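Worksheet: the structure to be examined is printed underneath.
The values are calculated or read from the model by the stated rules, or taken from the named source; none is laboratory data. In this text the structure is predicted, and so the values were computed from the model without any measurement. All Cβ positions, even for glycine, are placed from backbone atoms using ideal geometry, and neighbour counts span all protein chains on display.
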Amino acid sequence: MSKVWFITGTSTGFGRKFVEQLIPTGDKIVATARNVNAIADLKEKSPDNVHITALDVTNKEQIQAAVQEAVDTFGRIDIVVNNAGYGLFGMLEEYTDEQIRNQFDVNVFGMLDVIRETLPVFKKQKSGHYVNISSIFGVWTVPAYSLYAASKFAVEGFSKAMADELAPFGIKTTIVEPGVFLTKFMGGSQKLSEPLPEYAPVYDAFNKSYDAVKKGDQNKAVEAMIAMINSENPPLHFPVGSMATYSIRDALSKRIDEVKEWENISLIAD
């Protein structure tokens, strides 16, 4: 039996790759984007199996309409891939109030609104799978990505709790944590602060380290994600790529070491 996928942010990057790789499987796909003209070609590739609809995740009315269209068109939703999002790049004190709020409106509140709108569908079916796209920066962070990381730490936090809350209803949750890949994340999709001159050395160091990082392959990343989603027992956390796997493992090990180092003093509080 074919599955029905509801995917946000399919105009570029991982979202588009999801649709392209799912089309040959015969699964049904609801592909969403703020501009449907940007995904019209996906519909043309498989008119019977791909339904496209406009969706800005910061617009609750559009979310409601898109979810209703999905159910009206295919009768159900089996997998929600919460992929829509972008990166805010800059130092903490450089961001404007508007930039900070917009980062959370899209990456956090937009994802939450999609989840809350699709949840009644999943509960009625007694099944479903949320795939919430986080990031390597949802586990550790670096200078210039403080607010982006904060938004992904928020995704990790509510996803862990909702996984336990929704499991009794037959609903699965997976947090996907990609490393650095060749996408538009560091290009047109990224929003920038107004740099302060005193941070020039930090920016220079960041750019040099980024240039030296081996970027992953989008197609292989999505292939791995689909294999994970289609597995019998998908995990709660899924790092994608060697950079994410090794960096997250290292960051968590350092956190455990730090807890142990300060354990004796901490236990005084008891």
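Yes/no matrix, rows are residues, columns are (1) in a helix (DSSP H, G or I); (2) of a type outside the set (Asp, Glu):
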site: PRO120; (1), (2): yes, yes
site: ASN132; (1), (2): no, yes
site: PHE137; (1), (2): yes, yes
site: PRO143; (1), (2): no, yes
site: PHE153; (1), (2): yes, yes
site: GLU156; (1), (2): yes, no
site: ALA161; (1), (2): yes, yes
site: ALA167; (1), (2): yes, yes
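Listed here are the residues, each with its yes/no results for (1) charged (D, E, K, R); (2) touching a His at 6+ places or on another chain (Cβ under 8 Å).
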position: GLY170; (1), (2): no, no
position: ILE175; (1), (2): no, yes
position: ALA224; (1), (2): no, no
position: GLU232; (1), (2): yes, no
position: LEU252; (1), (2): no, no
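Residue pairs whose Cβ atoms lie under 8 Å apart, sitting 6 or more positions apart in sequence or on different chains, and linking a residue in segment 1-29 that is farther than 17 Å from PHE122 by Cα to a partner that is of a type in the set (Asp, Glu) and surrounded by fewer than 23 Cβ atoms within 10 Å (Cβ to Cβ), are GLN21/GLU223. Considering (1) more than 13 Å from the chain's Cα centre (by Cα); (2) more than 21 Å from TRP5 (Cα to Cα); (3) buried (at least 18 other Cβ atoms within 10 Å of the Cβ); (4) of a type outside the set (Phe, Trp, Tyr), the lone condition that ALA149 does not fulfil carries the number (1).
Each row is one residue, and each column tells you yes or no for (1) of a type in the set (Gly, Ala, Ser); (2) in contact with an Asp or Glu (Cβ under 7 Å, 6 or more places away or on another chain).
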{"position": "ALA40", "(1), (2)": "yes, no"}
{"position": "PRO47", "(1), (2)": "no, no"}
{"position": "LYS60", "(1), (2)": "no, yes"}
{"position": "VAL71", "(1), (2)": "no, no"}
{"position": "GLY75", "(1), (2)": "yes, no"}
{"position": "VAL81", "(1), (2)": "no, no"}
{"position": "GLY85", "(1), (2)": "yes, no"}
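Selection of helices (runs of 4 or more DSSP H) fully inside segment 199-270 by the criterion of at least 2 residues being charged (D, E, K, R) and closer than 24 Å to LYS172 by Cβ returns 218-229. Going residue by residue through segment 74-97, is there one that turns out to be in contact (Cβ under 8 Å) with a residue 40 or more places away in the chain, under 30 Å from VAL142 (Cα atoms) and of a type in the set (Asp, Glu)? Within segment 74-97, one or more residues are in contact (Cβ under 8 Å) with a residue 40 or more places away in the chain, under 30 Å from VAL142 (Cα atoms) and of a type in the set (Asp, Glu).
Using the structure shown, decide if VAL19 is crowded, with 20+ Cβ neighbours inside 10 Å and assigned to a strand (DSSP E or B). Judged against the criteria, VAL19 is not a match.
Only one of the listed residues (ALA154, ALA65, ALA163) is modelled with pLDDT of 95 or more and closer than 22 Å to ALA38 by Cα. That residue is ALA65.
Residues in segment 70-115 that are outside any helix (DSSP H, G or I), among the polar types (S, T, N, Q) and touching a strand residue (DSSP E or B) at 6+ places or on another chain (Cβ under 9 Å): ASN82, ASN83. Residue-level analysis places PRO195 among those that are under 20 Å from ALA149 (Cβ atoms), part of a loop (DSSP other than H, G, I, E, B) and in contact (Cβ under 8 Å) with a residue 12 or more places away in the chain. For segment 210-234, filtering for residues that are closer than 22 Å to TRP140 by Cα, exposed (fewer than 13 other Cβ atoms within 10 Å of the Cβ) and not acidic (Asp, Glu) leaves 3.
Listed by first and then second residue, the pairs with beta-carbon distance under 6 Å, at least 6 apart or on different chains, first residue in segment 249-270 and in contact (Cβ under 8 Å) with a residue 24 or more places away in the chain, second of a type in the set (Val, Ile, Thr), are ALA251/VAL139.
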